[in-house]
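Below is one structure, written out as structure tokens; the observations come after it.
The values are calculated or read from the model by the stated rules, or taken from the named source; none is laboratory data. Because the structure is predicted, anything quoted here is derived from the model rather than measured. Cβ atoms come from the backbone with ideal geometry, glycine included; neighbour counts cover every protein chain shown.
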């Protein structure tokens, strides 16, 4: 056990060195490998509302906290976070200094590849009633650390990236399915499972959140009773269907206000709110300030 721990620590140092070579100043560094991003922060950050999509996150230096509904996930060097569908979270770096900045690795995962790998691995299907939260944090095993290290080293051979990167990504997915993150991914890709039905509704909601929606209609789309739908939705997404819809609308409105020259009332109407006053109240509750003040603050920070 002591030898394994020393090996993991050494691998972690290698990942930190590689990440630091790519992200040598603060920011989000998109790499030549599709879906691979390196993050660097020299200070702790304010809590930020955002959407985490299907992907793998890894802390190689510093600490980070992610809140999903009432669940709080802390992940530190040597730990990884997997999200198996789009989830509205609050995320912030909790430990970082100029001498020892936060370094993180993000890798977007492909749902089709996950389904193909899971089918090839012949997992026993979960019970239809089984659900699992669509987010998990676990300690990395040595095999996964080595595979991610090879992915970062591949950036030093750009001519090989188009051919080799997909193979390494596939190995990462296989290791995730086989390891402790496996249930988080498998419940949501198994045809007929409750988790897969909720994932399908969430995909639909992302495209139609500005429409006039009824929770009963959503339950009908999922082929569940309203009470069963609410129960399984919260178990998978960490939020009730109504809370999830509010997060989508409010974050959509915030992006409109940041990127387009429109007022708060126009943004509210475009994301599905009928009452500007209700929009302002719920926006303030989520982001900590009324729309105009929040956008002004966000632009000053940027």
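Some points to look at:
Each row is one residue, and each column tells you yes or no for (1) outside any strand (DSSP E or B); (2) farther than 25 Å from residue 165 by Cβ.
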{"residue": "37", "(1), (2)": "no, no"}
{"residue": "66", "(1), (2)": "no, yes"}
{"residue": "100", "(1), (2)": "yes, yes"}
{"residue": "113", "(1), (2)": "yes, no"}
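- Selected residue [modelled with pLDDT under 95, closer than 30 Å to residue 132 by Cα and within 26 Å of the chain's Cα centre (by Cα)] from 237, 289: 237
- Restricting attention to the range 75-98, the residues that are closer than 22 Å to residue 143 by Cα and in a strand (DSSP E or B) total 6.
- Against the numbered list (1) assigned to a helix (DSSP H, G or I); (2) touching a helix residue (DSSP H, G or I) at 6+ places or on another chain (Cβ under 9 Å); (3) within 18 Å of residue 87 (Cα to Cα), residue 265 comes up short only at (3).
- Lone unmet requirement of (1) assigned by TED's automatic domain parsing to the domain that holds residue 20; (2) on the phi > 0 side of the Ramachandran plot for residue 148: (2)
- Unique match (being surrounded by 20 or more Cβ atoms within 10 Å (Cβ to Cβ), more than 18 Å from the chain's Cα centre (by Cα) and either at pLDDT below 95 or part of a helix (DSSP H, G or I) (or both)) among 149, 184, 131: 131
- Test: residue 269 is surrounded by 14 or more Cβ atoms within 10 Å (Cβ to Cβ) and within 20 Å of the chain's Cα centre (by Cα): no
Yes/no matrix, rows are residues, columns are (1) at pLDDT 90 or above; (2) over 27 Å from residue 66 (Cα atoms):
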| residue | (1), (2) |
| --- | --- |
| 105 | yes, no |
| 111 | no, no |
| 115 | no, no |
| 144 | yes, no |
| 160 | yes, yes |
| 163 | yes, yes |
| 166 | yes, yes |
| 178 | yes, no |
| 208 | yes, no |
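- Summed over the range 153-170, the residues that are over 20 Å from the mean Cα position of the chain (by Cα) and touching a residue at least 12 places away in the same chain (Cβ under 8 Å) give a count of 7.
- Within the range 82-108, considering residues that are within 28 Å of residue 241 (Cα to Cα) and out of contact with any strand residue (DSSP E or B) (no Cβ under 7 Å at 6 or more places or on another chain), the one surrounded by the fewest Cβ atoms within 10 Å (Cβ to Cβ): 85
- Answer from 18, 56, 36 - the residue that is outside the structural domain of residue 289 (by TED's automatic domain parsing), touching a residue at least 60 places away in the same chain (Cβ under 8 Å) and out of contact with any strand residue (DSSP E or B) (no Cβ under 8 Å at 6 or more places or on another chain): 18
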